[in-house]
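Colleague: Got a structure for you, questions after.
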Amino acid sequence: MELIINRLSKQYKNKIAVDRLSLTLTNGVYGLLGANGAGKTTLMRLICGILKPTSGEVKFNGIDISEESYRDVLGYLPQDFSYYPEFSAQSFMYYMASLKGLTKAQAKIKTKELFEMVSLSDVSKKKIKTFSGGMKQRLGIAQSLLNNPKVLILDEPTAGLDPKERVRFRNIISELGKDRIVLLSTHIVSDIENIANTILVMKDGQLIHTGGLKEIIKVINGKVFECSVDNKTAQNLMECFPVINFRSEDENTFLRLVCDEKPHDKAISTPATLEDLYLYYFSEVNKHE
């Protein structure tokens, strides 16, 4: 099973959202990481066939995704998913199942199975307008799986989920990635760090890094530092370098920073994480290109 993206571009007037991007996806979980405006959502909509590319192509198992048969293998949860507030969760799932070509019997069985998976069985008859944000997000995840898709595209799927729900969701996605292509975009770096087999770092419409976690963070090995300095020095450092975290320590401030060179005499190099990499490329105070 193979999803091939070949020199894919999408331009809106003067802005190039996706810029000649090429990538081959096979079974597994791919985590798409990037700042707002990096082109992540545009890329996902192109892969889903919602947007037409300015140039380039996307093919699934050799067939262009514009073909109707692609809809049968695609599952999609957009970032801003629309619900029908007066529908019950169950009615909504039956409606979505009919759009995806499932019979009534199939819809009933699959809805029951998916509600158990996302912990909505006990509220299946309640109207969606009574749901919390996290419950709506779980409903969105459930509908994306109705047709047992081979290609699953999830744009910010963990938004609105509490920590316990996020862990449960991560476990579900890890399981799903065993026999399908899962592309997951999120601002929650730890979600990608925990479940993605391959991490895709996107900036200005292009992929700047692709690989496993250890491979990806190699680029900032030796560029993450920790130090404890007086408050005035800390303020100066925070204005000059991306700060991963800081905390007050009596008269001093502890800082964890990411930068190309040792930022202070007291700074000590420390092992890098994916969050460090994200801030290295996308922090507003970082001028690195």
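The values are calculated or read from the model by the stated rules, or taken from the named source; none is laboratory data. All values reported here derive from a predicted model rather than from experimental measurement. Cβ atoms come from the backbone with ideal geometry, glycine included; neighbour counts cover every protein chain shown. Ligands, DNA and RNA are stripped out before the accessible areas are found, and what is left, the full protein with its side chains, is counted by its heavy atoms. Shrake-Rupley method; radii C 1.70, N 1.55, O 1.52, S 1.80 Å.
Colleague: What strands (runs of 3 or more DSSP E), lying completely within the range 1-90, carry at least 2 residues that are more than 25 Å from Ala159 (Cα to Cα)?
Modeller: Output list reads 3-12, 15-25, 55-60.
Colleague: Restricting to the range 91-110, name every residue that is assigned to a helix (DSSP H, G or I), among the charged types (D, E, K, R) and closer than 20 Å to Leu154 by Cα.
Modeller: Lys110
Colleague: Right, next: Given the condition closer than 30 Å to Lys15 by Cβ, out of contact with any strand residue (DSSP E or B) (no Cβ under 8 Å at 6 or more places or on another chain) and among the hydrophobic types (A, V, I, L, M, F, W, C), answer yes or no: does some residue in the range 188-196 qualify?
Modeller: Within the range 188-196 (the criterion being closer than 30 Å to Lys15 by Cβ, out of contact with any strand residue (DSSP E or B) (no Cβ under 8 Å at 6 or more places or on another chain) and among the hydrophobic types (A, V, I, L, M, F, W, C)), the answer is yes, since at least one residue qualifies.
Colleague: I would also like to ask the following. Which of (1) buried (at least 20 other Cβ atoms within 10 Å of the Cβ); (2) not in a strand (DSSP E or B) is the odd one out, the single condition Ile153 does not satisfy?
Modeller: The failed condition is (2).
Colleague: So, of the residues in the range 223-272 that are of a type in the set (Gly, Ala, Ser) and surrounded by 15 or more Cβ atoms within 10 Å (Cβ to Cβ), which turns out to be nearest to the chain's Cα centre (by Cα)?
Modeller: Ranking the candidates gives Ala272 first.
Colleague: Turning to a different aspect of this structure: In the range 83-118, which residue that is aromatic (Phe, Trp, Tyr) and either in contact (Cβ under 8 Å) with a residue 60 or more places away in the chain or touching a Ser or Thr at 6+ places or on another chain (Cβ under 9 Å) (or both) is surrounded by the fewest Cβ atoms within 10 Å (Cβ to Cβ)?
Modeller: Top of the filtered list is Tyr84.
Colleague: I would also like to ask the following. Tell me, yes or no, whether the range 143-155 has at least one residue that is at negative phi, of a type in the set (A, V, I, L, M, F, W, C) and at pLDDT below 85.
Modeller: No: the range 143-155 contains no residue that is at negative phi, of a type in the set (A, V, I, L, M, F, W, C) and at pLDDT below 85.
Colleague: Taking the range 119-132 only, how many residues are under 18 Å from Arg170 (Cα atoms) and open to solvent by 10 Å² or more (accessible area, probe 1.4 Å)?
Modeller: The number of residues fulfilling the criteria is 1.
Colleague: Shifting gears a bit: Can you go through Thr158, Thr130, Thr186, Thr210 and tell me which one is hydroxyl-bearing (Ser, Thr, Tyr), out of contact with any Phe, Trp or Tyr (no Cβ under 7 Å at 6 or more places or on another chain) and free of Cβ contacts under 8 Å to residues at least 40 places away in the same chain?
Modeller: Thr130
Colleague: Check Asp64, Asp80 and return the single one that is exposed (fewer than 13 other Cβ atoms within 10 Å of the Cβ) and closer than 20 Å to Thr186 by Cβ.
Modeller: Result of the check over Asp64, Asp80: Asp80.
Colleague: What pairs come out if I take residues in the range 29-57 that are open to solvent by less than 20 Å² (accessible area, probe 1.4 Å) and modelled with pLDDT under 95 and pair them with residues that are among the polar types (S, T, N, Q) and assigned to a loop (DSSP other than H, G, I, E, B) whose C-beta lies under 9 Å away, six or more apart or interchain?
Modeller: The qualifying pairs are Leu33/Thr186.
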